[in-house]
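The values are calculated or read from the model by the stated rules, or taken from the named source; none is laboratory data. These numbers were taken from a predicted model, which means no experiment stands behind them. Positions of Cβ are backbone-derived with ideal geometry, glycine not excepted, and every protein chain shown enters the neighbour counts.
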Amino acid sequence: MKNNNLVIAIDGPAGAGKSTIARIIAEKLNLTYIDTGAMYRAITWLAIQNSIDLKTQKDLLINLAAEAKLELEGIEKNTDKQSNSFQRVFLNDQEITQEIRGSEITLLVSAVSAIPEIREQLVEMQKKMGLNGRVIMDGRDIGTVVFPEADLKIFLVASAEERAKRRYQQQRKFGLNTQENLEAIQKDLERRDYLDANREVSPLRQANDAILIDTDNLSVPEVVQNILNLIQINSQKI
Ligand code: DC
């Protein structure tokens, strides 16, 4: 970025650890953490609330989304032991932070995020969020589409087995979707990876200048330290 903004982009497939890593770095460097997946989940919640059939009523969802008031509010320190969220999500003044983590949303979110007009709306919001600040943003297209000029781009990956294991442990810890077994979680991650990587508009892919970090054999503090080192090397704005 040319001005005083600092933008760190973290992309990668579901369950690679993007949000865990991003929020720790945000805390350490006093950056605003933005989880863009939560925005696609919020619009998916809107679709479900309005019983929208994505095959026949896409335009209705696009209009509802355009009129909706979507707000994200950072949680400085999460003291809520029941939740792993570090960002509160509001849609039309209703808090939906927990609701958007449900399995119904997870099942439908890839289809909603493949709608080009929905992406346009959310990408515009994301660009504005990064305009006047120091942010770390995680998603699928941050380094490729939202901030192609980000100060640092990380592409975080891990094997499907490892990602499923981590998701399973996380869900048990927070009492979410505990009816799902490890195998079902892995299948769902792979299904979403496929849809996210093969959609026509801004598919999940590593930007040419993104740095790949495979977290399979790295601990969370090791990944954080790697990225902190990269930030120091790549940016004089810290
Ligand atoms: O990060 P997450 O799993 O909460 O994201 C939910 C879905 O939203 C994911 O399957 C793909 C989509 N997504 C996207 O298309 N672009 C982003 N920048 C972030 C998420």
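Restricting the stretch 49-64 to residues that are touching a helix residue (DSSP H, G or I) at 6+ places or on another chain (Cβ under 6 Å) and β-branched (V, I, T), which is surrounded by the fewest Cβ atoms within 10 Å (Cβ to Cβ)?
I62
In the stretch 1-22, how many residues are away from the ligand (no atom under 13 Å from the Cβ) and within 25 Å of R163 (Cα to Cα)?
Residues flagged as away from the ligand (no atom under 13 Å from the Cβ) and within 25 Å of R163 (Cα to Cα) within the stretch 1-22 amount to 1.
Listed here are the residues, each with its yes/no results for (1) surrounded by fewer than 19 Cβ atoms within 10 Å (Cβ to Cβ); (2) farther than 15 Å from S19 by Cα; (3) at pLDDT 95 or above; (4) away from the ligand (no atom under 13 Å from the Cβ).
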| site | (1), (2), (3), (4) |
| --- | --- |
| R119 | no, yes, yes, no |
| Q126 | no, yes, yes, no |
| G133 | yes, yes, no, yes |
| M137 | no, no, yes, no |
| V146 | no, yes, yes, no |
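Could you say whether any residue in the stretch 217-236 is small (G, A, S), crowded, with 19+ Cβ neighbours inside 10 Å and closer than 26 Å to E27 by Cβ?
Here is the first cut: in the stretch 217-236, the residues small (G, A, S) are 219, 235.
Restricting the remaining residues to those that are crowded, with 19+ Cβ neighbours inside 10 Å gives none.
Checked against the condition, which is being small (G, A, S), crowded, with 19+ Cβ neighbours inside 10 Å and closer than 26 Å to E27 by Cβ, the stretch 217-236 yields no hits at all.
Pull up the stretch 114-147, narrow it to residues that are among the hydrophobic types (A, V, I, L, M, F, W, C) and part of a loop (DSSP other than H, G, I, E, B), then point me to the one that is farthest from I24 (Cα to Cα).
Only one residue tops the list, namely I115.
Exactly one condition in (1) closer than 24 Å to F86 by Cβ; (2) out of contact with any Phe, Trp or Tyr (no Cβ under 6 Å at 6 or more places or on another chain) is false for Q186; which is it?
Result: Q186 fails condition (1) only.
How many residues does the stretch 87-117 hold that are surrounded by fewer than 17 Cβ atoms within 10 Å (Cβ to Cβ) and not aliphatic (A, V, I, L, M)?
Of the residues in that region, 12 qualify.
Evaluate the stretch 58-73: report whether one residue or more is away from the ligand (no atom under 13 Å from the Cβ) and part of a loop (DSSP other than H, G, I, E, B).
The answer is yes, given that some residue of the stretch 58-73 is away from the ligand (no atom under 13 Å from the Cβ) and part of a loop (DSSP other than H, G, I, E, B).
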